[in-house]
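Q: Before I ask anything, here is the structure I am working with.
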Amino acid sequence: MRRVLISTISLLALTASSAFAADIPRAAPAYKAPAIVAPIFNWTGFYIGINGGFGWGTSTWSGFGGDADPKGGLIGLTLGYNWQLPGSPWVFGLEGDIDWSNIHGTFANALCPTGCEIRNNWLGTGRLRLGYAIDRVLPYVTGGFAVGDIKATRGGFAGVSSTEFGWTVGAGIEAALAPQWTAKLEYLYVDLGSNNCSVVACGIATNVDFRTHLLRAGLNFRF
């Protein structure tokens, strides 16, 4: 009888403990905030901006057997359009710019003792761009046509000034600073070909060419 009583009490205690444990509320799982994914930057759209930098190059005067090394600053306006392929990092663009230029250089030798000067007063380009977007950063290559003036002057003579068309090629990198603002740094090589300075204008008939390297920075506003 005693054993039965002890067994019954033990069974009742075990049953009560299980029921009590079942009634205890379980702790809620820890709350995990959903991950916030920043939207991918899209480069499509029109933009307008300013650019400025420095140019340096070479100008050969065939009739005088001399070379000038023109260099100087430039500043101007930029207008363009980018189109980013849907769901792709590839960006195609069309960009044009027009700059005031102060790129000039001189040389003197036995055939030009009074000094020969080459000067570029304005320079424009129209270029295609191909870039690969890494979200808000866009490395690109670019190329197209260039146009500008070549002014050649020999001391004591009238000289000649003409508008010449040529070509340009280069590369750069652009970065988004804010949804509507981007900044860029680019290098361009520009070849405007040559003009002809006659005997009357320069004393000796000569072809004067103009080739320059440009390093420019720019700030653009996107529409």
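Q: Sort 61, 56 so that the residue with the fewest other Cβ atoms within 10 Å of its own Cβ comes first and the one with the most comes last.
A: In order of increasing Cβ crowding within 10 Å: 56, 61.
Q: When you count, for each residue, the other Cβ atoms within 10 Å and take the mean per peptide, how do 209-222, 127-140 rank with the highest first?
A: The peptides rank, most packed first, as 209-222, 127-140.
Q: Would you tally the net charge around residue 175, using a Cβ to Cβ cut-off of less than 13 Å, leaving residue 175 out, and scoring K and R as +1, D and E as -1?
A: Neighbourhood net charge equals 0.
Q: Any idea what Rg and Dmax come out to for the range 45-222 if you just take the C-alpha atoms, in Å?
A: Cα-based Rg and Dmax for the range 45-222 come out at 18.7, 64 Å.
Q: Let me ask you something else. So for 44, 206, 142, 163, fewest C-beta neighbours within 10 Å to most, what's the order?
A: 163, 44, 142, 206
Q: In Å and on Cα atoms, what radius of gyration and Dmax does the range 74-138 show?
A: Cα-based Rg and Dmax for the range 74-138 come out at 19.7, 64 Å.
Q: Between beta-carbons, use under 10 Å as the cut-off and find the net charge around residue 164, counting Lys and Arg +1, Asp and Glu -1.
A: Details: positive: none; negative: 149, 191, 209.
Its environment carries a net charge of -3.
Q: Next question. Evaluate E = 1/(1 + (r/R0)^6) for residue 200 and residue 62, where r is the Cβ-Cβ distance and R0 equals 22 Å; express this FRET efficiency to the nearest 0.05.
A: Efficiency at R0 = 22 Å is approximately 0.80.
Q: Follow-up. Between residue 48 and residue 114, 0.36 nm times their residue separation minus their Cα-Cα distance comes to what? Let's see the in-between values first.
A: On the way: separation 66, 0.36 × 66 = 23.76 nm, distance 4.39 nm.
Here the answer is 19.4 nm.
Rule-based calculations on the coordinates, nothing more; no lab input. Note that the coordinates shown come from a computational prediction; the quantities given were computed from them, not determined experimentally. Note: ideal-geometry Cβ built from the backbone for every residue, glycine included; neighbour counts use all protein chains shown.
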